[in-house]
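As structure tokens, the structure follows; a few thoughts come after it.
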Amino acid sequence: MSKHCDQCGKGPSFGRQVARLGVRAQHRRVKGRTSRKFYPNLQSIRTVVDGTPKKLQVCTSCLKAGKVARKVH
């Protein structure tokens, strides 16, 4: 199953996780950086597309914006 929104095409983005020393450390500094991925919050919904019911993977920002009709009868 792909990690892309079927409505807007939003996919994984890349970044870094930064490890820092705690608040009460003598010298606050960065200990290291590691690569990581940020995945979109995808939800599986049933909707009607061109008269046929289908299951789509849609991100929550599209659902909140109302870009996708959610109900199937």
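Pairwise Cα distances in the chain exceed 18 Å for 56 percent of all pairs. For the peptides 42-51, 28-37, 58-67, the ranking by packing is 58-67, 42-51, 28-37, with the highest mean count of neighbouring Cβ atoms within 10 Å listed first. Note that the chain presents 84 Å² accessible area per residue, ligands and nucleic acids not counted, probe 1.4 Å. Dividing the summed -39500 (n - 2.57) terms of all DSSP H runs of n ≥ 4 by the residue count of the chain sets its mean residue ellipticity at 222 nm at -2000 deg cm²/dmol. Overall, the accessible surface of the range 1-68 at a probe of 1.4 angstrom is composed of carbon and sulfur to the extent of 47 percent. If amide hydrogens are placed 1.01 Å from N in the peptide plane, which non-local residues have theirs closer than 5 Å to the one on LYS10? Under 5 Å from the amide H of LYS10: CYS5.
The values are calculated or read from the model by the stated rules, or taken from the named source; none is laboratory data. Nothing here was measured: the structure is a model prediction, and the numbers come from that model. Please note: Cβ atoms are built from the backbone with ideal geometry, for glycine as well, and neighbour counts cover all protein chains shown. Side chains are part of the model used for accessible areas, which takes the heavy atoms of the whole protein and leaves out ligands, DNA and RNA. Shrake-Rupley method; radii C 1.70, N 1.55, O 1.52, S 1.80 Å.
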